[in-house]
1. What number, rounded to the nearest 500 deg cm²/dmol, is the helix-based mean residue ellipticity at 222 nm of the chain, given -39500 (n - 2.57) per DSSP H run of at least four residues and division by all its residues?
2. Over all distinct Cα pairs, what is the inverse of the mean 1/r for the range 20-120, reported as the Kirkwood hydrodynamic radius in Å?
3. Ignoring ligands, DNA and RNA, please state the percent of accessible area on the chain from carbon and sulfur, probe 1.4 Å.
4. Could you work out how far the C-alpha centroid of the range 85-129 sits from that of the range 1-39, in angstrom?
5. Charges at C-beta only: +1 for Lys and Arg, -1 for Asp and Glu. How large is the resulting dipole of the range 22-114 about its Cα centre, in Debye rounded to 20?
6. Return one whole number: the accessible area per residue of the chain in Å², for a 1.4 Å probe.
7. Provide the gained length on full extension for the span Asp174 to Ala54, in nm with one decimal, where the gain is 0.36 nm per separating residue minus the Cα-Cα distance.
8. Between (i) 138; (ii) 122; (iii) 153, which matches volume of the Cα convex hull per residue in Å³ calculated for the structure shown?
Amino acid sequence: MRATADWLRPLGGEVAAVVTSPVRRTRESAEILAAELAVPLVEEPGFAEMEFGAWDGLTFGEVRERYRADLDAWLGSMDAVAGGPGGESFRGVEERVLAGLHRVLDAYRGRTVVVVSHVTPIKTLVAHALGAPLTSLFRMELAPASVTVVSHYPGGRDGEDAASLRLFNARPGDGPFGA
């Protein structure tokens with residue numbers, strides 16, 4: 001995270017805030033970024049990771065071994081809930097993430113923010129920006145502490161903002177930011 005903060009430091013004067021998921025590990029990472037960029041830290045619950053119910057804390061292999069039929073159902077439908085009670089579906093996560101996106105866009109219109117989130121919310125934001133189906137989440141891979149850049153601007157269809165994917169899954173050492 002510190003290497004990512006160093007990589008993003010040239011943006012410091014452009015960044016209005018670091019917006020973070022309230023999940024502890026993500027908030028801790030966001031605190032490093034906010035301190036390095038000298039900007040406020042703001043929590044946005046819409047950017048929390050998917051809830052996995054009974055699967056929470058298990059590896060994918062453990063879930064496959066213990067809950068094979070439920071896992072197959074979940075992977076086969078964007079509406080199936082992960083891990084039973086307390087879990088979420090991909091559609092439910094999409095709804096929550098996009099609501100969070102709209103709150104951030106309303107609060108920081110025209111300004112740059114750094115969002116610190118998780119795999120499923122980030123992939124959801126990318127799919128939305130590209131106008132890709134939600135199932136495209138299965139075709140993306142993200143590295144820890146990677147940087148994905150999505151620009152939002154007025155002028156989209158149906159009164160929605162338009163979006164452009166500018167960078168995906170980049171890490172310090174991949175080259176200069178924005179290159």
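1. That comes out to -11500 deg cm²/dmol.
2. Kirkwood hydrodynamic radius for the range 20-120: 15.0 Å.
3. 50 percent
4. 17 Å
5. Dipole of the range 22-114, to the nearest 20 debye: 200 debye.
6. Normalised by residue count, the accessible surface of the chain is 55 Å².
7. Gain in length upon complete extension: 39.5 nm.
8. (ii)
The values are calculated or read from the model by the stated rules, or taken from the named source; none is laboratory data. Only a predicted model underlies this, so the values are computations on that prediction, with no experimental measurement involved. Ideal geometry is used to build each Cβ from the backbone, glycine not excepted, and the neighbour counts take in all protein chains shown. Keep in mind that these areas ignore ligands, DNA and RNA; they rest on the heavy atoms of the full protein, side chains included. Shrake-Rupley method; radii C 1.70, N 1.55, O 1.52, S 1.80 Å.
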